[in-house]
Ligand code: MG
């Protein structure tokens, strides 16, 4: 099983990675999607985890692979039916994730009403940084996310623009899935998603959490 690492050396094994779709208004617009009354939830398996500092292999011959930079929340203790008021107590820390997406395959699945499992859950589809402890982040609702590909800025926004905020997501998800220590919630991407190609140089950052240079192979 793949582990995630904290900057202080602590390691955890996520039993699941819960993805949130359509959580930024301008990304909903660019996808020509419709805002939803409740969060859109999907899963990525543990096998999708990848150390973002290592070159990231992407699938070939399955159409476009899109980048989605996202704030990742690591759960610190088990819980189900977590009240929104105490949801923050369940956060261990924060990291940077790329929710890599086979966009053509996802598009076909969407139009046929079929699941997104392959489009979202393939091997290496969840590169993550090392994580920082919750207490070292002053305001996780106001962090800048930025993604640069080959010196061109693609994504630049703030977690302030999330539709469903982190405590609500923890409360909502835990009604259906028992959250356990190490589980990750990747909280959705802002606008500017686009294709990646072999050889692309990536600079990804979330303020106070991570500043990474990596490449696509
Ligand atoms: Mg995403």
Kindly indicate whether any position in region 15-31 is surrounded by fewer than 21 Cβ atoms within 10 Å (Cβ to Cβ), closer than 14 Å to residue 184 by Cβ and in contact (Cβ under 8 Å) with a residue 24 or more places away in the chain. yes
Hey, any hits in region 65-79 for a residue that's farther than 19 Å from residue 119 by Cβ, within 12 Å of the ligand (Cβ to nearest atom), in contact (Cβ under 8 Å) with a residue 60 or more places away in the chain and in contact with a helix residue (DSSP H, G or I) (Cβ under 7 Å, 6 or more places away or on another chain)? yes
For residue 113, the lone unmet condition from (1) surrounded by 21 or more Cβ atoms within 10 Å (Cβ to Cβ); (2) without any contact (Cβ under 8 Å) to a residue 60 or more places away in the chain is (1)
Tally the residues that are touching a helix residue (DSSP H, G or I) at 6+ places or on another chain (Cβ under 9 Å) and buried (at least 21 other Cβ atoms within 10 Å of the Cβ), restricting the search to region 38-64. 2
If residue 40 meets every condition in (1) touching a residue at least 60 places away in the same chain (Cβ under 8 Å); (2) within 16 Å of the chain's Cα centre (by Cα) apart from one, which number is that one? (1)
Strands (runs of 3 or more DSSP E) fully within region 7-62 counting 1 or more residues that are touching a strand residue (DSSP E or B) at 6+ places or on another chain (Cβ under 6 Å) and within 14 Å of the ligand (Cβ to nearest atom): 17-21, 40-44
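Listed here are the residues, each with its yes/no results for (1) farther than 24 Å from residue 163 by Cα; (2) under 15 Å from the mean Cα position of the chain (by Cα).
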| site | (1), (2) |
| --- | --- |
| 30 | no, no |
| 36 | no, no |
| 47 | yes, yes |
| 50 | yes, yes |
| 69 | no, yes |
| 92 | no, no |
| 108 | yes, no |
| 118 | yes, no |
| 128 | no, yes |
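The numbers here are math on the coordinates, done by the rules we state, and not lab data. The structure displayed is predicted, hence computed values, not measured ones. When we count neighbours, we look across all protein chains shown, and the Cβ atoms used for this are built from the backbone with ideal geometry, even at glycine.
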